[in-house]
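Working notes, structure below.
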Amino acid sequence: MKFNDSNLQTASECLKVLSHPLRLKILFLIKDSPLNVSSIENLTGSSQSNVSQHLAIMRYNGMVRQEKKGNEVYYSVASDRLKSLLEIIGDLLCERN
């Protein structure tokens, strides 16, 4: 990847999306298996509208994808590269003693 102002701006915007604790928590929850909004709501303790807002931000930024199954919409991490980044974040930052 070449580093130019445009690429750095894009990277900065993506890191801003990742910097919110609830969005990061949602990404960790859906990293290995898709979940619907109700499940995410229950696991995070956040309201449906709040979860939906954060999912919309991540969807807009290409971090999550959605798949409709019956009446439910399931969300998953959009790329293996983002999954790898989440693994690194978990290893380096979240497991400190």
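Within segment 20-50, can you find the residues that are touching a residue at least 12 places away in the same chain (Cβ under 8 Å), out of contact with any helix residue (DSSP H, G or I) (no Cβ under 8 Å at 6 or more places or on another chain) and among the hydroxyl-bearing types (Ser, Thr, Tyr)?
Ser33, the sole residue that qualifies.
Is it true that some residue in segment 73-95 is closer than 20 Å to Val37 by Cα, modelled with pLDDT under 95 and among the basic types (Lys, Arg)?
no
Please identify the pairs in which a residue from segment 8-19 that is under 16 Å from Ala78 (Cα atoms) has its Cβ atom under 8 Å from the Cβ atom of a residue that is not hydrophobic (A, V, I, L, M, F, W, C), counting only partners at least 6 apart or on another chain.
Matching pairs, first to second residue: Cys14/Asn61; Val17/Arg23; Val17/Asn61.
Tally the residues that are hydroxyl-bearing (Ser, Thr, Tyr) and farther than 20 Å from Leu86 by Cβ, restricting the search to segment 1-57.
Adding up the residues that qualify gives 5.
Which residue, of Ile88, Ile57, is of a type outside the set (Phe, Trp, Tyr) and more than 13 Å from the chain's Cα centre (by Cα)?
Ile88
Which pairs do you get when a residue that is closer than 14 Å to Lys31 by Cα and in contact (Cβ under 8 Å) with a residue 40 or more places away in the chain, found in segment 56-70, comes within reach of a residue that is in a loop (DSSP other than H, G, I, E, B) and hydrophobic (A, V, I, L, M, F, W, C), reach meaning Cβ atoms under 8 angstrom, with the pair 6+ apart or on two chains?
Close Cβ pairs satisfying both conditions: Met63/Ala78.
Could you say whether any residue in segment 35-57 is surrounded by 17 or more Cβ atoms within 10 Å (Cβ to Cβ) and charged (D, E, K, R)?
yes
The values are calculated or read from the model by the stated rules, or taken from the named source; none is laboratory data. This structure is a prediction, so every number in the text was calculated from the model and none was measured. Cβ: placed from backbone, ideal geometry, glycine included. Neighbour counts: every protein chain shown.
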